[in-house]
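> Here you go, one structure.
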Amino acid sequence: MSNRHSNIFMDKKIRIAIAGSRGYPYVYSGYETFVKELAERLVTKEFDVTVYNHRNLFTSFPKSVSGIHLVYIPTIEKKTLSQFIHSFQSILHACWKKFDIILVMNSANGPFGLFTKIFHRKAAINVDGLEWLRPKWRGLGARYFYWASKMATKLYDVIITDSLEMQKIYENLFHCPSVYIAYGAEIRKSQKPSLIKRWNLEERGYYLIVGRLIPDNNAHLIVKEFLQTDSTRKLVIVGDVPYKDSFAADLKAKKDVRLVFTGYIKDQDVLEELYHHCYAYLHGHEFGGTNPALLRALGNRCAIVALDTPFSREVLNDGEYGLFFTKKVGSLRDLLLEIEAAPALVEEFRNKSQRRILECYTWGKIIDQYIDLFKKMAGKER
């Protein structure tokens, strides 16, 4: 550890509360993975960390895990309100405690910055993606997310954006400066290739999708375009939604021997092997910033075929580290046919993919930036 982050510069530990995610060590999505990586590293750097957990998702309730304090907050079990009400209660609870900093996840919690103002608590919010553009939030939901994101820029001390493109959007749309700190990933090597055999998969014998089965991740588009090819490879779809949903059900109902729906995979070793041995990772996420699944694919030495968005272009450095398709009919189909016939090109992308993580997205670099931010907010910078 560099001297600049030594606790010699702190007369006491900085107390940080993290709210707005499903909790720790519950791993469900990018938010929870981020909370896990951040919290575990902060406690090794002499920070005192408390994470607010969605009580309904846990079966046991230890007061601490890995040196991280845990607070369990119950909520109602409604698809659209469960996490919202949990975050409301968590942030309000944190305001009553003597935390130096409250870190809030998700722009949906923008209005709750009012509590941090009233209680004079220093607070930062990681706003994530363009929630108001997601198809599932059409109408009132979209208007709320836009308003909540705007309120976040007025109520929180610091706005954190995880991509340069998202930083530009907040500057242009809300006239709000933000602190850019990306998401992180690790460099991985294959440890146990046999783990993919449970689905009768062969090395380089399949394409891979990882993500929730929601419209804006475009799994339906990828599946449709893939089925238009004559590829003998399989398409493995990792992910689901934790509620009854017609979109996900219709997608999983598609019948083709090449389609493999795994559902959620909680065993991270299995997931790493699926990444590592795919022919190419197909990325359809549309409205986020720096996407965790995309970074994880790079860290696992995947060749990347991504939907052409400003966020994907930023991560893949305008095509240096991957290929792009559009939502135009036939775009992905034609690209898949091209790479089916060009294994050397696929291998070229695979051989350089991890370099991108080392350049910009190592967890060590990301956590150092958060530490600098928290020390500045707490008035304890060097």
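The values are calculated or read from the model by the stated rules, or taken from the named source; none is laboratory data. Quick caveat: nothing in here was measured; it's all calculated off a predicted structure. Counting neighbours? That spans all protein chains shown, and the Cβs are built from the backbone with ideal geometry, glycine included.
> Mind listing whichever residues of the range 178-206 are closer than 26 Å to G129 by Cα and aromatic (F, W, Y)?
Those that are closer than 26 Å to G129 by Cα and aromatic (F, W, Y): Y180, Y183.
> Here's something else I'd like to know. Restricting the search to the range 179-208, which residues are within 30 Å of Q369 (Cα to Cα) and in contact (Cβ under 8 Å) with a residue 60 or more places away in the chain?
Listed by number, the residues that qualify are V179, I181, A182, Y183, G184, A185, E186, I187, R188, K189, S190.
> Would you mention how many residues in the range 86-98 are of a type outside the set (S, T, N, Q) and either surrounded by 23 or more Cβ atoms within 10 Å (Cβ to Cβ) or in contact with a His (Cβ under 8 Å, 6 or more places away or on another chain) (or both)?
3
> Of these, L92, L114, L70, which one is over 22 Å from the mean Cα position of the chain (by Cα), touching a residue at least 40 places away in the same chain (Cβ under 8 Å), in the same structural domain as G23 (by TED's automatic domain parsing) and not in a loop (DSSP other than H, G, I, E, B)?
It is L114.
> Continuing with the same structure: Only one of R350, R301, R356 is assigned to a helix (DSSP H, G or I), over 26 Å from V158 (Cβ atoms) and touching a Lys or Arg at 6+ places or on another chain (Cβ under 8 Å). Can you tell me which?
R350
> Of the residues that make up the range 148-160, is at least one modelled with pLDDT of 95 or more, under 21 Å from H285 (Cβ atoms) and surrounded by 21 or more Cβ atoms within 10 Å (Cβ to Cβ)?
Yes: the range 148-160 contains one or more residues that are modelled with pLDDT of 95 or more, under 21 Å from H285 (Cβ atoms) and surrounded by 21 or more Cβ atoms within 10 Å (Cβ to Cβ).
> Hey, among N217, N291, N300, which residue is of a type outside the set (G, A, S), over 16 Å from F324 (Cα atoms) and under 17 Å from the mean Cα position of the chain (by Cα)?
Answer to the selection: N300.
> Let me ask something else. For A142, indicate whether it is surrounded by fewer than 18 Cβ atoms within 10 Å (Cβ to Cβ) and within 22 Å of the chain's Cα centre (by Cα).
yes
> Determine, yes or no, whether G319 is outside the structural domain of D128 (by TED's automatic domain parsing), at positive phi and touching an Asp or Glu at 6+ places or on another chain (Cβ under 6 Å).
Numbers: outside the structural domain of D128 (by TED's automatic domain parsing): yes; at positive phi: yes; touching an Asp or Glu at 6+ places or on another chain (Cβ under 6 Å): no.
No.
> What pairs come up if the first residue lies in the range 314-326 and is within 21 Å of L358 (Cβ to Cβ), the second is polar (S, T, N, Q), and their beta carbons are under 7 Å apart, counting only those six or more places apart or on different chains?
Taking only residues 6 or more apart or on different chains, the pairs are E314/S163; V315/T290; Y321/S353.
> Could you tell me which residue of the range 330-382 is nearest to L103 (Cα to Cα), considering only residues that are aromatic (F, W, Y) and out of contact with any strand residue (DSSP E or B) (no Cβ under 6 Å at 6 or more places or on another chain)?
By that ranking, first place goes to Y370.
> Could you count how many residues in the range 28-45 are buried (at least 17 other Cβ atoms within 10 Å of the Cβ), modelled with pLDDT under 85 and out of contact with any Phe, Trp or Tyr (no Cβ under 9 Å at 6 or more places or on another chain)?
Adding up the residues that qualify gives 1.
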